[in-house]
Amino acid sequence: MSILPWIVAAWLFGIGLYGIATSRHFVHLVGCLTVCQSSTYVLLLSLGYKWGAGPPVFFDHPPGTPAVDPVIQALILTDIVIGAAMSALLLVLAIQVQKRTGCCDPQSVRALRKSK
């Protein structure tokens with residue numbers, strides 16, 4: 001097992017976290033959160049990969065042939081779908097904040113309160 005995917009995943013997570021901490025725009029914040037989530041793709045891929053293994057299709061492989069883990073691949077696809085839905089929802093919320101307050105800076109937006 002190589003340490004390179006772990007380093008890449010940590011680097012992606014760190015870059016995304018730095019972007020989240022220094023973000024001055026909601027759309028940039030959503031993009032940085034997506035970069036943080038992409039580190040989980042790399043991490044899951046590194047966990048499910050086996051050197052010299054074939055695809056997880058068993059109809060043409062003899063029994064005992066090494067194959068990559070199909071459960072990890074299903075988890076990655078689920079992670080991608082959840083990430084896309086989360087990004088879409090957060091971008092819609094950023095558009096609504098822009099419409100209601102006129103700015104997309106997280107620090108200048110005050111709490112939205114009901115008027116009495």
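The values are calculated or read from the model by the stated rules, or taken from the named source; none is laboratory data. In this text, all values refer to a predicted model and were calculated from it rather than measured experimentally. All Cβ positions, even for glycine, are placed from backbone atoms using ideal geometry, and neighbour counts span all protein chains on display. For accessibility, only protein heavy atoms count, side chains too; no ligands or nucleic acids. Shrake-Rupley method; radii C 1.70, N 1.55, O 1.52, S 1.80 Å.
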Item to check | Protein accessible area in the chain, 1.4 Å probe - carbon and sulfur % | outcome: 72 percent
Checklist outcome for this item: Between the Cα axis of helix 26-48 and the main Cα principal axis of the chain, the angle (0 to 90°, nearest 10) is 10 degrees
Checklist outcome for this item: Reported to the nearest 10 Å², Asp69 has, with a 1.4 Å probe, an accessible area equal to 60 Å²
Checklist entry - Among Pro70, Pro62, Pro106, which one shows the biggest mean-square fluctuation in a GNM of the chain, springs joining Cα atoms closer than 10 Å? => result Pro62
Next on the checklist: Using DSSP to call loops (not H, G, I, E or B), can you name the trypsin sites (Lys or Arg not before Pro) in the stretch 29-103 whose Cβ has at most 15 other Cβ atoms within 10 angstrom?
Outcome noted: Lys50
Item to check | Crossing angle, helix 70-101 versus the chain [Cα axis fit, 0-90 degrees, rounded to tens] | outcome: 10 degrees
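In the chain, once you exclude exposed chymotrypsin sites (Phe, Trp or Tyr not before Pro) (DSSP loop, at most 12 other Cβ within 10 angstrom), what's the longest stretch remaining?
Segment 60-116 is the longest.
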Checklist outcome for this item: If one builds a Gaussian network model of the chain from Cα atoms under 10 Å apart, the most fluctuating residue listed among Gly83, Gly52, Gly14 is Gly52
Item to check | Under-5 Å amide H pairs with Ala67, H placed in peptide plane, nonlocal only | outcome: Gly54
Checklist entry - In nm, what is the difference between 0.36 nm times the number of residues separating Ile72 and His28 and their Cα-Cα distance? => result 12.9 nm
